[in-house]
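Chemist: If you scroll down you'll find the structure; I have some questions about it.
The values are calculated or read from the model by the stated rules, or taken from the named source; none is laboratory data. The structure displayed is predicted, hence computed values, not measured ones. Here the Cβ positions follow ideal geometry from the backbone for every residue, glycine too, while neighbour counts run over all protein chains shown.
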Amino acid sequence: MKKIKEKPSVDVVESAYRVWGWIVIAWAFYRYFVRLPEWVDEFVFKPMIFVLPVLWYVKNREKKPFASLGLTAKNLFTSIYIGLGFGFVFAVEGLAANAIKYGKIEIVPIAAFEEYGLGMLILLSAATAFSEELLSRGFVFSRLIEGKRGLFYAALISTLMFVVLHIPILAFSLKLQGVALILFFVTDFILGFANALLFYNTGSLVAPILVHIFWNMTVALYL
């Protein structure tokens, strides 16, 4: 008897939306009510809110391996090369945004740089990149692809959802205005869309995480 290939259920997409929605709500409440040092946000609470629910859901509800989130050594060295290359491109883009914002290239590191130093800031950037990429690309984007939504649709929607993740920090912490706010949304969108394509082509979170680290450091040092 010929085995009929099952079509992916729309449930995988709807479930991804629901999980993401609860995470966004939890993160918004945390940002609004809690004021702790940045290292606590990035090393403790963001992994608790962004990462652990996704890992639990994938293991216990989807019953899939974590490799389905891009947590794999597949194409490792290729992903590293690609991540470093695109990371450099985003650093250059950041310089261009800096010149637009200030009328010239001006180094204006954030307060965290003065508080923690370069080494700790890199670790903070890596922690942020891991949490946000696992949720946005490893989970949301990959489930949209699995649900046969198409590459452009999956990249676009997951990127918009990635941008929405940053609204709590914009509303309750950074409070950007004018050109700075526009640059934030534009560069965040470009980062998210590019990382979706990188994840799609490598099947690994390594390249998106590296690019994200480069971008976080760019923002921290001169945006």
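Chemist: On the given criteria, is TRP56 part of a helix (DSSP H, G or I), surrounded by fewer than 16 Cβ atoms within 10 Å (Cβ to Cβ) and modelled with pLDDT of 95 or more?
Modeler: It is true that TRP56 is part of a helix (DSSP H, G or I), surrounded by fewer than 16 Cβ atoms within 10 Å (Cβ to Cβ) and modelled with pLDDT of 95 or more.
Chemist: Just give me the residues in the range 72-90 being in contact (Cβ under 8 Å) with a residue 24 or more places away in the chain, over 12 Å from ILE209 (Cα atoms) and either crowded, with 17+ Cβ neighbours inside 10 Å or of a type in the set (Phe, Trp, Tyr) (or both), in sequence order.
Modeler: Hits for the range 72-90 are THR72, PHE88, PHE90.
Chemist: What are the residues in the range 1-35 that are closer than 10 Å to GLY147 by Cβ, at pLDDT 90 or above and of a type in the set (D, E, K, R), if any?
Modeler: Result: GLU14, single match.
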